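Enquirer: Structure below; questions to follow.
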Amino acid sequence: MALSGMLYWAIGIAAIQAVYCQGNFIKVECDPENQGVYSQQAVLNCKVVSIKKDFQIIKMIWCKVEADKCVGKTMLTFENGKWSAEDARFSSGALEWNEKELSVSLLVQKTQVSDQGSYRFMISTDTGYEKGNTYLRVTAPYSVPVISSVPGINIEDSMPVTLTCNASGGYPPGQIHWFDQLDSNWTKSSALSTIPTQDGRFNLSSVFTTTASSSMALYKCVVVNDKMDKQRAEYQLTIGPEKQEGTKNATTITAVFIVVGALAAGILILYIYRRQSRGNTWFQAQQEEKDEHEKTMEEGEATG
């Protein structure tokens, strides 16, 4: 497959150069460098200038080059009025004519770290053959750093504490700097690990050991790339015993149950008391009625 690609490239170049006969009347000007961001679209620009206003395009080729040869499946070819690509991520922008100038662009979709490098644009017209080179530089922003500490709770003054700052998915390799709340730089006291990933990006992990102090409890880590773009995070050491939220919640729940239980018991006692009070009143009324009846009977017998 690689051999056939190289053969196709050689034939294409030979076909382009075969058109070049009596002199070259075109010039290719490319941007020296183009910026691409990981997973986004990158655009590489070139311009064709001719002394002839309406020149005819015979063939155009875009490709990534190493050692002056096209490499990988990056070749994009224009011939017979249409473009063809070896990789669907590579395509051409709209051709823009302006008098004697033609603006051309290579679009790279879902840019990868491996796309970084030199690219070449070649064109053959009825007025000559020319080529130009440009460079694609790829960057990937690091994630917002995350700081953790060991120990994380129950930290006491003068206790050694190890802080770790992690950031992931960046390119090119970056640095992690450490600062305290007074912005004193502690980076020289830290150890940085740079871990490559399968897609060419990097994960960073920096470890810094300090002595806990309630008067100096805030620390910051700052991730810096080659363009001095920065991502930062802050971490506050918790000096002193941690509040036992679980115990606090359990105590609160127990207290609620005690209050509710006491209230229910009070309602039950009141209910029983009222029923007893009602029963005693009824019994007393019945007894008084009976006594009154017996008294009436006795008075009747005495009268008779």
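Enquirer: Give me the extension gain from Lys100 to Thr211: residue separation times 0.36 nm, minus the current Cα-Cα distance, reported in nm with one decimal.
Expert: Details: separation 111, 0.36 × 111 = 39.96 nm, distance 7.00 nm.
Residue separation times 0.36 nm, minus the Cα-Cα distance, leaves 33.0 nm.
Enquirer: How long is the gain from Trp83 to Gln175 if the chain were fully straight, where each residue apart is worth 0.36 nm and the alpha carbon distance is subtracted?
Expert: Values: separation 92, 0.36 × 92 = 33.12 nm, distance 4.24 nm.
Full extension from Trp83 to Gln175 adds 28.9 nm.
Enquirer: Another one. In square angstrom, rounded to the nearest 10, how much accessible surface does Ser168 have for a 1.4 Å probe?
Expert: Taking all protein chains as shown, Ser168 has close to 50 Å².
Enquirer: Could I have the simple spin-label model distance between Ser91 and Gln236, label points 7 Å from Cα toward Cβ, reported in nm to one decimal?
Expert: If labels sit at Ser91 and Gln236, their model points lie 5.0 nm apart.
Enquirer: Using R₀ = 30 Å, calculate the FRET efficiency as 1/(1 + (r/R₀)^6) where r is the Cβ-Cβ separation of Gln35 and Ser189; round to 0.05. Don't jump to the answer; show the numbers that get you there.
Expert: On the way: r = 35 Å, r/R0 = 1.16.
Efficiency, rounded to the nearest 0.05: 0.30.
Enquirer: Also, I was wondering about something else. Full-extension gain between Ile57 and Leu218, please, as 0.36 nm times their residue separation minus the C-alpha to C-alpha distance.
Expert: On the way: separation 161, 0.36 × 161 = 57.96 nm, distance 6.48 nm.
Residue separation times 0.36 nm, minus the Cα-Cα distance, leaves 51.5 nm.
The values are calculated or read from the model by the stated rules, or taken from the named source; none is laboratory data. Treat the numbers as computed from the prediction; the structure is a model and nothing was measured. When we count neighbours, we look across all protein chains shown, and the Cβ atoms used for this are built from the backbone with ideal geometry, even at glycine. To get the accessible areas, we keep the full protein, side chains included, count just its heavy atoms, and leave off ligands, DNA and RNA. Shrake-Rupley method; radii C 1.70, N 1.55, O 1.52, S 1.80 Å.
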